[in-house]
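Below you'll find the structure, written out as structure tokens, and then a few comments.
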């Protein structure tokens, strides 16, 4: 164990294990999580070659091997709780996406939700036993977020009782689905349904794409891998072009909408039923943001405790770089943010479960709020974590660029969350739509519930973009509930400003749609402020549940840092709305420096509490024992370019060159 | 040619070619640049396989092949102007670093600067003819920016008249030098010189590391590649461990400092002489920031003109995504920034040449200002371009993640500029040191020159962090010189705040060093504001040189957008210093929206003016002809995973799995 990191641990003011239990949501869960880790990490079958040393094809091959073993073992061990399966998978492929992700996460669940009992017999059990391997083909080359724009067609032919599927244009080629390129032999294809000469919009069709025996593409099918990407090297994201591909009528998923044998179309009873999955996935992504940022913070903070560089006082030994105020200012607000997002993730999980229970009882009343919240928080947390990971990476100096640090991989595998499951700007605008609607309802005197209920208060308090006289300054910058209050008022102000922008555009004879587009900068800003308020509020609420005083104390410091740092980064908003005065702003800057110094002795313990196993972290810089340099050196020596002392290019190019000069 | 992009081009209000000439700094230079491009791009010898489809070893191999050919051709064609050589190289390896970078850019120049005439005979000509291939080994595993911390030793042994080189610890292993791993047979090693029992600090030694004939490592040398990184796949960044390696006395570069045969050390006459190279490289990086951001903007803006998605008005066809206000708000400020940085890059080049002329005349007076400016602007522009490239990438939706977009590669090859040649935070603090010194000199009534001369004015105007009474509001937010003025006052205010923080810390009985560290957040902020002012000022100055009215008009719009956008992103600073009022801030937000709409018709023409050849851009999304989808599809089909229809993993793992379930 490295001496510096040992010293850091001995200086912590709280019991790390107890904080880990809080993050896991209970002692039992910590225990069970570690049991699963140990199952995977002690399993010789899951040993792998460092993917950084492999070609793309070898990476894919290794991932398929591990996924196949994973399926067997999960069944052997009888792991059946979805959360536990998910965690087992995250250990087998340490936080890397893998080729069967869409089979397990989209193909099987879609069958469960949308197949008739007959179709379940036909498709589900074969898929459960990996005879059918499927993916979910929605996105097309020219069409993403806007589903109505999809071009793939499925035309019903009553004479043979078949659907004929086609990709009529280049832009209609299915593009991106994970596992589509090489792994799957079936795809659920989203296509515009045509029957009896009429288009009925998007429906889902089970399309066989490869021969069950030879795995060769079937006639009319052009399928393959879309080529290398920023990350996701293990996944064969694929393309699919359909040329008059005929499938039986039974292959349209008909639990809701139907096409009868004669071609008659029967509408689905309600559209809300497919809504829930999307909300669930977006809620989950909030947790992903927290975990990715936690990993990056763990690496950067442990390394900063081990790394010595430069000097603060002349003549003294080089200090740990964690002693530099600028380094603390880069990392501690991100550490606070990681904690904030972990608690928001917990809240989203609990809320989803509660509301899902209501939905199963037929009560959809809270769904719109959860939909808006999950969209906005998905965008807010992924954007923040995305830039935060890069700050962590760059805070490690040169070594952060080495693949041995794991930071490049954390980034490239995380950054797609900003785009998939709803592009972030589009998500922010969806939340804005809900906020504007709620604002107008509040104006009309309707009582709002949930996270937007402050719009009622705001109305009574007559918050305005620019109060003529300054509000009496009662804000205590050391009091979290006081800070929650001003975050709330900031959000209310920005929502009102966005609404006013729309109104002004309308007064200039713009259409509703143009008015919306011409106000979209303000709308995104308002959503962002709303989400920021929600995060500060939930972090503050969480503190009430913490009884251990030393943990309560350090978490309060983190929460305060999170809230105050967010204010300085958006100080214009708070000054403009006269929520804070200039002297208070200066006071906040000073207070932040004090909080950094206060957190310094607990920084390593706070990342230790994330309890990320070395095998999951997979970082030479972030190792628990702090023995950074020895392991970097050892890692480098194993690099493929070192397999021979002399690279063949010397004999091929460099030596002959001399003769010519 | 894609119809959308054709329409965009026909709508431009200015002559693209004339703007290209301004960016190239003259019609002749545009012409010559295109001649060089055509030399390279029409040359069959430089044809390459898409590196994205190759393994690391194949990428390295291909790069060495091209570099060897490049050396021959540059000599054949008699290209001798350094700028032209540099540009030729950037076409051969389209903006990718390559294995001979350090041989050409550091090894040869260091010999030129620091070798004696005898040493030139010994090393320079063999190196010029690629018999000696060298690198520059400074950074160690445990030591980067802080040179005094380097641990490698070179101990003089008078009995044999040799130096004995050693890497005494793991942290002292040389780490990162480009071309060290596999390519070089020599290295200039920076080591602590010991002679007659005394340490004389860092000196440079020419160390043979591989056999000139077999290329095998020499005795006592452990050398290899440091393994895969975020980018730089073509470069064999290497490690070097020295174990009692003996080199002749002649191998210490002795143009300045010397060790006599008996071991007597002779000091160098001045330390300033090595200062210039560093300043030169940092100045050059400003131009790199501009070019990287220009490429990213070219790709994102052309793609946004071609991509149709979603709807603004119901029932109408899907609009070009460039019509969304949020998309314009992401991209146009970055486009303005790219122009700003191009002009700042031009200024830095001219200033360097001017001051370098003075230095050759023995006049060092302007060097400290240039040193401070190049450090700060290196950090300011690389940070901004770094995050800007990622905004561009994510503005392209899913396709921005594909390697075919080129955006991932632009990012990974650019982001190291934030760390190398001086870590950015350290750079900002170096600039801050100069600013604080200048501030104190101004306080003492000394007349400052150059970019910091405003500190004299500020002193006379008694700028304070919080003026008791608000300054009379005379700022015209549509007038660039008025905006330059408030950027200047913001910088002055923040410098004063940083100085006050230091003073307050000193009053709390802190040492000078602790006071500096405890104020470093404020110091970085002050440097950032100073650099921001310089950029706005230089952009504004540039407009005076532009005579063409239509180009002047569009560049003025860009400059105004750059300045106003920077204000809204830092609105707290301007409000806190009472440089702008709340109503002005609202006015600025509205004005920005108008500017976005104003720039919309010229957006594609403005990126066309960067005139980045398709072969250099190498992006399916950013192609000049706008035929995005066809080329993405074609690219994907060539991907190695599509070499066979069925991947072997199916037979190895997936088919056998069925039998077991």
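Taken together, the values in this text are just the output of simple stated rules run on the coordinates, not laboratory data. Just so it is clear, the model here is predicted, and its values are computed rather than measured. Cβ atoms come from the backbone with ideal geometry, glycine included; neighbour counts cover every protein chain shown.
Descriptive notes on the structure:
- Computed log₁₀ I(q)/I(0) - Debye formula, equal Cα scatterers, no solvent, the protein assembly as shown, q 0.04, 0.05, 0.09 Å⁻¹: -0.23, -0.37, -1.32
- Theoretical FRET efficiency, 1/(1+(r/R0)^6), r = Cβ-Cβ of residue A:318 and residue A:128, R0 35 Å, to 0.05: 0.05
- Percent breakdown of C-alpha pair distances by 5 Å bin, ordered from the shortest bin, for region B:322-441: 2, 10, 15, 16, 18, 14, 9, 7, 5, 3, 1, 0
- Cα centroid separation, region A:630-661 to region B:608-661 (Å): 29
- Copies compared at residue A:277 - label distances in nm, ascending, label defined 7 Å from Cα in the Cβ direction: 6.1
- Ratio of Rg to Rh over region B:45-195 (Cα coordinates, Kirkwood Rh, two decimals): 1.02
- Pseudo-label separations to other copies for residue A:446 - Cα-to-Cβ vector, 7 Å, nm: 6.8
- Across peptide A:629-641, the average count of Cβ atoms from other chains found within 10 Å of a residue's Cβ is 6.
- CD proxy at 222 nm, helix term only [per DSSP H run n ≥ 4: -39500 (n - 2.57); per residue of chain B; nearest 500]: -16500 deg cm²/dmol
- The ranking of A:446, B:509 by Cβ neighbour count inside 10 Å, starting from the fewest, reads B:509, A:446.
- As a rough guide to protection, the peptides A:598-605, A:85-92, A:530-537 ranked by mean Cβ packing within 10 Å, highest first, stand as A:530-537, A:598-605, A:85-92.
- Solvent-free Debye scattering, log10 I(q)/I(0), computed from the Cα coordinates of region A:499-613 at q = 0.15, 0.23 Å⁻¹: -0.82, -1.28
- For chain B, the relative contact order is 15 percent, taking Cα pairs closer than 8 Å that sit 6 or more residues apart in sequence and dividing their mean separation by the residue count.
- Legend: translational diffusion of region B:568-626 by Stokes-Einstein, Rh = Kirkwood radius over C-alpha pairs, 37 °C, 0.692 mPa s; D = 227 µm²/s.
- Look at B:81, A:514 and count the other Cβ atoms within 10 Å of each Cβ; fewest to most, that gives B:81, A:514.
- Distance between region B:273-330 and region B:226-266 - C-alpha centres, whole angstrom: 41
- Its Cα gyration tensor gives chain B an equivalent ellipsoid, and the semi-axes of that ellipsoid, as √(5λ) in whole Å with the largest first, are 43, 37, 23.
- Label-point distances for residue B:43 to the equivalent site in the other copies, using a point 7 angstrom along Cα→C-beta, read 5.4 nm when ranked shortest first.
- Normalised per residue, the volume of the convex hull around the Cα set of region B:335-406 (Å³): 93
- If you take the Cα centroid of region A:521-577 and the Cα centroid of region A:135-153, the two points sit 38 Å apart.
- Directionally averaged projected area (convex hull, Cα atoms, region B:1-103), nm²: 8.9
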